[in-house]
Amino acid sequence: MRETYSWTWFIIAGIVIFILGGLHMTAVHMSAILGIFNPAGSDAVAWENVSWRGKNLFFTVTYIFLLAAVLYHGFFGLRTILFELGPSRGGQRFITKFLWCAGIVLFVIGTYAAIAARALGKAL
């Protein structure tokens with residue numbers, strides 16, 4: 001039952017990555033073609049556009065959700081691959097705890113970066 005629950009969240013995280021990753025691709029990497037989300041022209045990495053996205057709460061929240069989905073999806077997939085190598089029960093527990101700790105640390109760092117970017121964008 002527990003694995004089914006984790007697998008369901010894995011699939012949900014994949015859907016979130018598809019949607020928010022598509023939004024990111026549209027806003028940043030296809031800006032020359034579409035030019036949306038870039039009020040200062042089509043160059044997505046121009047300071048004015050980066051600053052505008054940094055000030056926007058929508059993008060801050062989107063980046064945090066995307067980060068959470070990518071970390072869960074990636075680490076659960078890695079855990080699944082490592083479990084196929086046949087580690088002992090203790091090894092499986094260690095792998096799971098290690099990946100959870102690494103994911104939490106990376107999430108905290110990434111969330112701090114997104115919030116700091118918003119604060120910097122608002123200050124400028």
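Condition check for LYS97 on (1) surrounded by 15 or more Cβ atoms within 10 Å (Cβ to Cβ); (2) among the charged types (D, E, K, R); (3) modelled with pLDDT of 95 or more: one failure, at (1). Please tell me if SER31 is out of contact with any Asp or Glu (no Cβ under 8 Å at 6 or more places or on another chain), among the hydroxyl-bearing types (Ser, Thr, Tyr) and either more than 20 Å from ALA117 (Cβ to Cβ) or modelled with pLDDT under 80 (or both). Taking the combined requirement at face value, the residue does not satisfy it.
Against the condition within 13 Å of the chain's Cα centre (by Cα), polar (S, T, N, Q) and at negative phi, how does THR60 come out, does it pass? So THR60 fits the description; yes.
Here GLY22, GLY41, GLY110 are screened, and the one residue that is part of a helix (DSSP H, G or I) and out of contact with any helix residue (DSSP H, G or I) (no Cβ under 6 Å at 6 or more places or on another chain) is GLY22.
Rundown of residues vs (1) charged (D, E, K, R); (2) modelled with pLDDT of 95 or more; (3) touching an Asp or Glu at 6+ places or on another chain (Cβ under 8 Å), yes/no style:
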position	(1), (2), (3)
ASP43	yes, no, no
SER51	no, no, no
GLY54	no, no, no
PHE58	no, no, no
PHE76	no, yes, no
LEU82	no, yes, no
ARG93	yes, yes, no
GLY103	no, yes, no
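Go through the residues of segment 1-23 one by one and say whether even a single one is of a type in the set (Lys, Arg) and surrounded by 14 or more Cβ atoms within 10 Å (Cβ to Cβ). So far as segment 1-23 goes, no, none of its residues is of a type in the set (Lys, Arg) and surrounded by 14 or more Cβ atoms within 10 Å (Cβ to Cβ). Of the residues that make up segment 88-98, is at least one assigned to a helix (DSSP H, G or I), touching a residue at least 40 places away in the same chain (Cβ under 8 Å) and among the aromatic types (Phe, Trp, Tyr)? The answer is no; no qualifying residue exists.
On the stretch given as segment 74-87, residues that are surrounded by 13 or more Cβ atoms within 10 Å (Cβ to Cβ) and in a helix (DSSP H, G or I) total 9. Pairs are defined by a Cβ separation below 9 Å, a sequence spacing of at least 6 or placement on different chains, a first member in segment 42-57 that is of a type in the set (Phe, Trp, Tyr), and a second member that is surrounded by 14 or more Cβ atoms within 10 Å (Cβ to Cβ); the pairs so defined are TRP52/PHE37; TRP52/ASN38; TRP52/PHE59; TRP52/GLY121.
The values are calculated or read from the model by the stated rules, or taken from the named source; none is laboratory data. Here the structure is a predicted model, which is why all the values come from computation and not from measurement. Glycine gets a Cβ as well: all are built from the backbone with ideal geometry, and neighbour counts include every protein chain shown.
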